[in-house]
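The values are calculated or read from the model by the stated rules, or taken from the named source; none is laboratory data. In this text, all values refer to a predicted model and were calculated from it rather than measured experimentally. Note that we place each Cβ from the backbone using ideal geometry, even for glycine, and neighbour counts take in every protein chain shown. Areas reflect the complete protein model, heavy atoms only, side chains present, ligands, DNA and RNA absent. Shrake-Rupley method; radii C 1.70, N 1.55, O 1.52, S 1.80 Å.
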Amino acid sequence: MGRILHLATTCLLVIGSFGCSSRQRIPVVEQTRTAMGTFFTIALYGRVEPAAAEEAIAAAFDTIQAVEGWASTKLPGSEISALNRAAGRDTVAISADLSTLLNLARQVSETTHGAFDVTVGALTTLWGFEDSPQAPPDSAAVDSARRLVGYSRLWVGDGRAYLGKPGMRLDLGAIAKGWAVDRAFEVLRGRGFADVLVDGGGDLRVSSSPVTAGRRRVWVRHPRRAGEYFARFPYDSGAVATSGDYERYFLHNGVRFHHILDPQTGWPARGCVSVTVLGPDATLCDAWATAIFVLGPEKGLEIAKQIPDIETLIVFEVNGQLFWRATERLSAMLEILDPEAQPGPPAGFLRE
Ligand code: AMP
Ligand code: MG
């Protein structure tokens with residue numbers, strides 16, 4: 001059976017000859033490179049002209065690199081680093097792309113009353129998950145960093161932006177990868193390729209042609225069993241992103257501390273273990289996966305139901321038992337692969 005696998009941090013996208021006796025392999029031109037701290041895979045399916053495909057893929061990777069160039073907190077020359085350095089002092093000229101992205105982020109912040117907040121940078125810097133910490137910071141430091149978070153103090157307008165307090169920091173870690181996936185996807189579609197996959201470490205966007213239609217499955221990683229999958233569903237076109245507490249974390253005295261922080265407390269958000277969001281574009285999915293994760297299974301599902309075009313699968317844990325909830329349209333096509341996981345909420349589960 002001809003099968004092509006795409007492995008990523010959070011989702012596995014499989015194209016196989018499901019229900020099809022043909023042993024034909026689907027032609028594909030693909031490349032994987034590291035960018036934005038993860039693996040990006042770009043693939044073009046069907047009969048494509050190899051030189052044109054390679055050239056288009058290279059252009060798509062250039063676009064991803066350009067996004068990293070302005071969005072990264074690690075690059076001193078990025079627009080984000082300039083804004084962070086000027087916090088509380090100066091406005092900084094920003095690109096139209098960054099301005100659009102910051103306005104999108106603000107909308108998600110407003111809808112979630114700050115559960116999602118790209119001004120979370122002082123907190124993420126303090127926790128320092130990138131440097132593999134072994135213990136949480138002390139709570140006084142968490143409290144002072146928490147006071148430097150607040151999307152209402154981020155001003156964006158007239159091609160400039162400004163962070164209102166010294167010490168405030170932007171961190172686009174929850175949304176920039178989705179943005180990069182979308183821009184790369186547009187480059188490929190703009191060059192006439194119909195059957196496209198852009199996978200940014202599990203945040204992905206796909207479109208199908210008759211060659212692959214009905215044959216793609218997205219597999220959602222099991223949040224507690226490495227190498228296993230929790231669920232899968234068929235998916236022909238659109239975007240998917242997953243946020244999980246198993247991506248970057250450490251255990252301290254038996255407690256899991258992970259990289260998705262609740263701006264209200266300054267500590268890792270406690271309600272969910274994994275949130276997958278499907279939607280029209282990867283930017284929206286990336287932002288909402290993080291946002292719903294912070295909101296928790298109750299509020300998160302309520303809000304997801306109100307956002308047009310998005311579907312979500314929320315996995316959460318109560319006393320070591322995994323439960324899941326999903327929006328209606330996703331439930332209808334979802335196959336849960338963990339026989340022990342129960343549809344939630346469990347009896348007696350307290351409303352947040
Ligand atoms: P994701 O994997 O898309 O859920 O993004 C997680 C990353 O987003 C973290 O590593 C931080 O860089 C950043 N982040 C953490 N908490 C928040 C939050 N509450 N709102 C926005 N960004 C966050
Ligand atoms: Mg995200």
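So here's what we get for this one:
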| item | result |
| --- | --- |
| Per residue accessible area in Å² of the chain, where ligands, DNA and RNA are left out and the probe is 1.4 Å | 44 Å² |
| With every protein chain in place, the chain: carbon and sulfur % of accessible area (1.4 Å) | 50 percent |
| In range of the label at Glu49: residues from segment 155-194 whose backbone nitrogen is under 17 Å from the point 7 Å along Cα→Cβ | 188-194 |
| Where Rh is the Kirkwood radius over Cα pairs, Rg/Rh for segment 110-237 | 1.08 |
| Listed peptides 132-144, 205-217 by packing density, highest first (mean Cβ within 10 Å) | 205-217, 132-144 |
| Difference of contour (0.36 nm per residue) and Cα-Cα distance, Arg329 to Ala93 | 80.7 nm |
| Segment 53-79-segment 306-327 distance, computed between alpha-carbon centres (Å) | 33 Å |
| Nearby lysines by direct alpha-carbon distance to Lys165 (threshold 20 angstrom, same-chain neighbours under 8 apart not counted) | none |
| Cα centroid of segment 330-346 to Cα centroid of segment 230-251, whole Å | 15 Å |
| Computed log₁₀ I(q)/I(0) - Debye formula, equal Cα scatterers, no solvent, the chain, q 0.10, 0.12, 0.13, 0.15 Å⁻¹ | -0.61, -0.87, -1.02, -1.31 |
| Difference of contour (0.36 nm per residue) and Cα-Cα distance, Glu302 to Thr100 | 70.1 nm |
| Range of Cα positions in segment 76-163 per principal axis (Å), largest first | 42, 32, 22 |
